[in-house]
């Protein structure tokens, strides 16, 4: 056996969550999202900040953190496959830059996606979100940026990614991104969720640190909140003309190129450091794995229908 085969074999054989466990925890997290949302909607709370913090406590701790913690206690040694490694300072700067580029690119993708949905008669319901003060912005960054980023990355780029990487790193990137999109239960934001999910997964892999995904996701969320604070909804311009659309498209292509070059640079660094990708491994799914993954697809389809119905 060659040194390369030996290294890849050791990489595949790391203690990992099973695909069955990853699918089960993901399904529990998505179900918990609906359960907690329903419970919160029935509580007589008028303060939006209190609602957000209560939601975080009722959802992320029991439906995301607790199942992963209990599984980790029964299967020690998951820290390596979940990449709980420190993030170097210079790499952190690259992650922040990737988040800044992603915010603009995701907004353009969402605008194009919204136009496409409008063309087929599907219009996203208007949701007014205003952040009136710096204190409100600080609290929003905590409960709507940092907390969700930490727990969603723990699930998607930590637990799920580690499980599916046993079948190949590329597969793990796309599956974890799809489940990340499922967790948000919103078809209107699908392009942005897939972009953020895939970029975060690549950063976690290339930098060999789950904290890269947490930092990227937190900065991305925080920049969106900051834009809402600096640019209230009433200040948003009217429908753009053809010249403005062409300018936005050109800017988006330039931003996409910058993001691509940044990720390519990080990939070269990964190769230089000897961080290896698991090649695609073909293996049939077990019946339980297939059933739970099918259930995830059914939940996503049902979520899309409910969202389109305005439920």
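Read-outs throughout are calculated quantities, based only on the coordinates presented, and are distinct from any laboratory measurement. Model, not experiment: these values are computed from the prediction. Heads up, the Cβs are rebuilt from the backbone with ideal geometry, glycines too, and the neighbour counts pull from every protein chain shown.
When the helices of the chain are scored as -39500 (n - 2.57) per DSSP H run of n ≥ 4 and the total is divided over every residue, the value at 222 nm lands at -23000 deg cm²/dmol.
Packing, taken as the mean count of other beta carbons within 10 Å per residue, orders the peptides 147-153, 133-139 from highest to lowest as 147-153, 133-139.
Given R0 = 35 Å, the distance between the Cβ atoms of residue 267 and residue 245 translates into a calculated FRET efficiency of 0.60. Scaling the Cα radius of gyration of segment 55-135 by the globular reference 2.2 N^0.38 Å produces a ratio of 1.69. Most tightly packed first, judged by the mean number of other beta-carbon atoms within 10 Å of their residues, the peptides 89-97, 115-123 read 89-97, 115-123. Annotation: the residues 210, 33, sorted from fewest to most other C-beta atoms within 10 Å of their own C-beta, follow the order 33, 210.
Once you reduce segment 31-67 and segment 93-122 to the center of their Cα atoms, the two points are 27 Å from each other.
So what's the angle, to the nearest 10 degrees on a 0 to 90 scale, between helix 210-230 and the longest Cα principal axis of the chain? With both axes taken from Cα atoms, the answer is about 0 degrees. Expressed as a fraction of 2.2 N^0.38 Å, the value expected for a compact globular protein of N residues, the C-alpha radius of gyration of the chain is 1.03. The mean sequence separation of alpha-carbon pairs under 8 Å and at least six residues apart, normalised by the residue count of segment 3-308, gives a relative contact order of 30 percent. For segment 115-197, just say rounded, prolate or oblate: build the C-alpha gyration tensor, square-root its eigenvalues into a ≥ b ≥ c, call rounded for a/c under 1.5, and beyond that prolate if a/b exceeds b/c, oblate if not. Oblate shape, in that a/c is at least 1.5 and b/c is the bigger or equal ratio. Residue exposure proxy: 47, 208, 251, ordered by other Cβ atoms within 10 angstrom of their Cβ from fewest to most, comes out as 47, 251, 208. Taking the fewest neighbouring Cβ atoms within 10 Å as the starting point, the ordered list for 275, 224 is 275, 224. Seen against the Cα atoms of the chain and their longest principal axis, helix 19-41 is set at about 20 degrees. Compute the acute angle (0 to 90°) between the alpha-carbon long axis of helix 169-184 and the principal axis of greatest extent of the alpha-carbon atoms of the chain; round to the nearest 10°. Computed tilt is about 30 degrees.
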